[in-house]
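The values are calculated or read from the model by the stated rules, or taken from the named source; none is laboratory data. Everything quoted here is computed from the prediction, not taken from an experiment. Glycine also receives a Cβ, built like all others from the backbone with ideal geometry; neighbour counts cover every protein chain displayed. These accessible areas exclude ligands, DNA and RNA; they are computed on the full protein's heavy atoms, side chains included. Shrake-Rupley method; radii C 1.70, N 1.55, O 1.52, S 1.80 Å.
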Amino acid sequence: VLFAEYGVVNVGKSLGKIWSHSRFRSPYVRHTLWDVGYAVDTLETAVDWNRLPDAVERIEASLRQAIPDLPVHVFTHMSHIYPQGASIYTSYIFANAASYEETLAHWKKLKAAASEAVVQSGGTISHQHGVGRDHAPYLEAEKKPLGMQTLGTLTKHFDPDETLNPGVLLVQSDTESSGSSS
């Protein structure tokens, strides 16, 4: 009843059942699309409710406009719902280039454009899938310098020998890697 007051439409359990039935088939769709000449990727973020429409528009536009003359089909759905906002998943499909290297270069441009849009929208670069090499350059925009310093201090405390993926999440500056202290 409460949701109906805000225009929410109850679609019953059918969409959930369809998703559950197909959830592990997605990799096969990805491989099939690759075989017929298309690359597909998905990214996700979470934003506050008041930022959600703008975030969807920015992310989708960034992907469509990232590479002139490369049509990119983009679609977004809301997945996780929280009291303060929601998680949005954006999937995009584009034609493979003449070579794998060129297709990878296209993907990198698309990923960077979408990541910038996430940051500009006030979304989290990590959400539930965490941060790795692809998202690390955008982490400081979310965590700010003090947050990054805190993560660095925790990392030095819990992994003093740097055995857990050194240089992946927290990229060392030139002065740190050369042994200089600040």
(request) Within segment 60-85, track down each residue that is within 27 Å of Ala98 (Cβ to Cβ) and not in a strand (DSSP E or B). (result) Glu60, Ala61, Ser62, Leu63, Arg64, Gln65, Ala66, Ile67, Pro68, Asp69, Leu70, Pro71
(request) Tell me which residues, restricted to segment 86-110, are assigned to a strand (DSSP E or B) and β-branched (Val, Ile, Thr). (result) Ile88, Thr90, Ile93
(message) I'd like to know if segment 104-121 contains one or more residues that are under 24 Å from Leu169 (Cα atoms), in contact with a Lys or Arg (Cβ under 7 Å, 6 or more places away or on another chain) and open to solvent by less than 80 Å² (accessible area, probe 1.4 Å).
(response) yes
(message) Within segment 82-103, take every residue that is surrounded by fewer than 17 Cβ atoms within 10 Å (Cβ to Cβ) and among the hydroxyl-bearing types (Ser, Thr, Tyr) and give me the one that is farthest from Asp48 (Cα to Cα).
(response) Ser99
(request) Select from segment 19-29 the residues that are assigned to a helix (DSSP H, G or I) and under 24 Å from the mean Cα position of the chain (by Cα) and write down the one among them that is modelled with the highest pLDDT. (result) Val29
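What residue, of Leu151, Leu170, is in a loop (DSSP other than H, G, I, E, B), surrounded by 14 or more Cβ atoms within 10 Å (Cβ to Cβ) and at pLDDT 80 or above?
On the way: Leu151 fails: in a loop (DSSP other than H, G, I, E, B).
Going through Leu151, Leu170 in turn, the sole match is Leu170.
Evaluate the following for Pro83: is it over 21 Å from Gln128 (Cβ atoms) and free of Cβ contacts under 8 Å to residues at least 12 places away in the same chain? So that I can check it myself, show each step before the final result.
On the way: over 21 Å from Gln128 (Cβ atoms): no; free of Cβ contacts under 8 Å to residues at least 12 places away in the same chain: yes.
It is false that Pro83 is over 21 Å from Gln128 (Cβ atoms) and free of Cβ contacts under 8 Å to residues at least 12 places away in the same chain.
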(message) Report every pair of residues separated by at least 6 positions or lying on different chains whose Cβ atoms are under 9 Å apart, first residue within segment 51-70 and on the phi < 0 side of the Ramachandran plot, second in a helix (DSSP H, G or I) and hydroxyl-bearing (Ser, Thr, Tyr).
(response) Ser62/Ser115
(request) Can you give me the number of residues within segment 29-60 that are over 19 Å from His127 (Cα atoms) and either open to solvent by less than 30 Å² (accessible area, probe 1.4 Å) or touching a Leu at 6+ places or on another chain (Cβ under 6 Å) (or both)? (result) 3
(request) With the condition kept exactly as written, say whether any residue in segment 36-59 is within 30 Å of Ala105 (Cβ to Cβ), outside any strand (DSSP E or B), at pLDDT 95 or above and among the polar types (S, T, N, Q). (result) no
(request) Scan segment 142-154 and report the pairs whose first residue is closer than 17 Å to Gln120 by Cα and whose second residue is open to solvent by less than 50 Å² (accessible area, probe 1.4 Å), with Cβ atoms within less than 8 Å and a gap of 6+ or a chain change. (result) Glu142/Val119; Glu142/Thr124; Glu142/Ile125; Glu142/Ser126
